[in-house]
Amino acid sequence: MKNFRFENIWLLSRQEQRARAVKFGRTNLIVGLNHTGKSTLIKSIFASLGATPKGSLAAWDKDAISLLEFSVDKKKFRALHQSGYRALFAEDGTLVAAASNHLGWTDAVSSVTGFNLILADKKGNSIAADSRCFFLPFYINQDGSWLSEWDTFTGLQQYKAPIQAVLEYFTGVKPPEWYEINSRKALVQKNLEELQREYRLVSQFRERFGKTISLSGPKIIPEVFEQDINRLAEEVSALNSEQERLRDLAVREQEALNSALLQVKLAVDTLSQYDSDASYLRTEPHETLTCPTCGAEHDKSFMEMLTYAEDARVLRELVVRLKEDAKLATAQYGKTRGRLSELEGRYHAVSEILNTRRGDLQFGDVVRSMGAEAAFEAFEVELAALKTKIDEALSQIEVFSGKLAELTSAKRTKEILSLFRGAYASAIVALNLPAIDTKKVRLGGRPNVSGSGGPRAILAYYSALWRASLGSYGSYSIPLVIDSPQQLGQDEENLPRMIKYIARELPESAQVILGIETPTEESFDQVIELDEPYHFLKVQDFDQVDKLLQPYVASMYSALLNASPGPN
């Protein structure tokens, strides 16, 4: 079982000149009234890893920077996030990946976590599950998760019915090994289909050839030969038209690409000037600045410095976006050039055949020189070779199917469901809920209970999922995060009962993060107390956190700029 843990998080707002550093233990309690930053801290953890929780944050700087340190089997990594741009670093600060889009970031996170769940999108296409799916069963978000729907993260609608597959993955009904083997099986299956298609085509050609030419000797019909020549001539004509269309398209795309690259160059040159000026502003010791052109003096105020830094940040993001546009234009131009190259290859091949047939050498002469027997023998050899490859692929698929069946056996599923249902029944009693028959409850059977009993029923359900996920068939130990169980008017008896249950009854091996409004007597390894509304970040922490984050931010933007086409 892989062990995933949150270690530290650093948050910084250049706009407010405030920052904060938070260290996590095994059990963590975040205490604070509304608007003191509980949800800000918790949501920032997941947003740093590309899983944006449902619910907005009031008076929060949208351009704030977060750096989350996490570990996978004690190997530490750091995830940097600002304004939708993200970068992943090794513990020593080495850049692992930088991403300006969701797909690139999903690949980066999967590479270090080993998360290999495959889901279907709305169109039925297979796509990799992302960080939202990775944390979905383990985070109770105060904005959405305490109700009867899985409304924890934004954007889950891109997947088609993802919940059951996610739950089966983490509880072990269909573990990571199943997806690895199934992926290998799919590759062999695709190869098998190509081999079978080729086998059918060769068989059809052999049959048609047999009807045209018998073993007694070649039979070439002049009329058919003439029709064949005409067909080839028509194909060449069609290829010529398509070639002209693609050439025209390539010219227009080249012009668009050149324009995009020019914009990138101008923006990069301007950014370079900004960086030079910013360095001068930071190091100039005088209170006034003298213009080298006109000699005018200007105040070097804090707000001017801040405004200048913000302009530089916006320009840096503009350069990244322009380079992304240029990258897309380059890719599109490359596709068109590839299609054009392929078309030219087809054109030349057909032209050579046509020219040969129009020359002195006749196709019938070639067939007659080979002889019908040699042609039939060639067909038989090809069919035999294809049959051998098909049999090998079928054998591999049979082996893979057997392994997949072992990983999803009825016995295995029964044991997992038994653990889940037993834990669910125990949690219902511990949380003072009316008894229900859990013998037929499904993994995806999220409760729908009205009134103050609803949140307790939700907690009971999640805790059962956590027990099953951390059981003998589970594949990951992921932090259990509960944000504000004080929902729908929990009374003085049941709210302490929920907090006590979280503090004492959750799996001992799991990392726990709990956010509540008022202090509790329950014991936690790490207690983070928040007491100032709308000032979760602190002025006194800014310099230290800023010094830590600067090299990471510079490395991320440098990688994003250099990864895209165009001048650096």
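The values are calculated or read from the model by the stated rules, or taken from the named source; none is laboratory data. Predicted model only: the values in this text are computed from it and were never measured. All Cβ positions, glycine included, derive from the backbone under ideal geometry; neighbour counts span all protein chains shown. Side chains are part of the model used for accessible areas, which takes the heavy atoms of the whole protein and leaves out ligands, DNA and RNA. Shrake-Rupley method; radii C 1.70, N 1.55, O 1.52, S 1.80 Å.
Report note on the peptides 465-476, 69-80, 393-404: ranked by the mean count of other C-beta atoms within 10 Å, highest first, their order is 465-476, 69-80, 393-404. For the range 506-517, 3J(HN,Hα) computed residue by residue from phi via the Karplus equation (6.51, -1.76, 1.60; θ = phi - 60°) reads 6, x, 5, 7, 8, 7, 10, 10, 10, x, 9, 8 Hz, glycine and proline entered as x.
Taking the Cβ of residue 33 as the center, what net charge do the other residues with Cβ under 13 Å away carry, scoring Lys and Arg +1 and Asp and Glu -1?
On the way: positive: 38; negative: 517, 529, 531, 532.
Surrounding charge for residue 33 is -3.
Taking Cβ atoms as reference points and 14 Å as the exclusive limit, the residues near residue 405 contribute a net charge of +2, counting Lys and Arg as +1 and Asp and Glu as -1.
Treat every Asp and Glu Cβ in the range 431-534 as -1 and every Lys and Arg Cβ as +1, leave all other atoms uncharged, and give the resulting dipole magnitude about the Cα centre to the nearest 20 debye.
Numbers: 9 positive and 14 negative charges, 199 e Å.
For this selection, approximately 960 debye.
The alpha carbon gyration tensor of the range 1-156 gives principal lengths a ≥ b ≥ c with a/c below 1.5, which makes the shape rounded.
Averaged per residue, the range 498-562 has 54 square angstrom of accessible surface, using a 1.4 angstrom probe with ligands and nucleic acids left out.
Of the peptides 239-251, 495-507, 87-99, the order by per-residue mean of other Cβ atoms within 10 Å, starting with the highest, comes out as 495-507, 87-99, 239-251. Backbone amide hydrogens, once placed in the peptide plane, bring residue 153 within less than 5 Å of 54, excluding anything fewer than 5 places away on its chain. Normalised by 2.2 N^0.38 Å, where N is the number of residues, the alpha-carbon radius of gyration of the range 422-568 equals 1.45.
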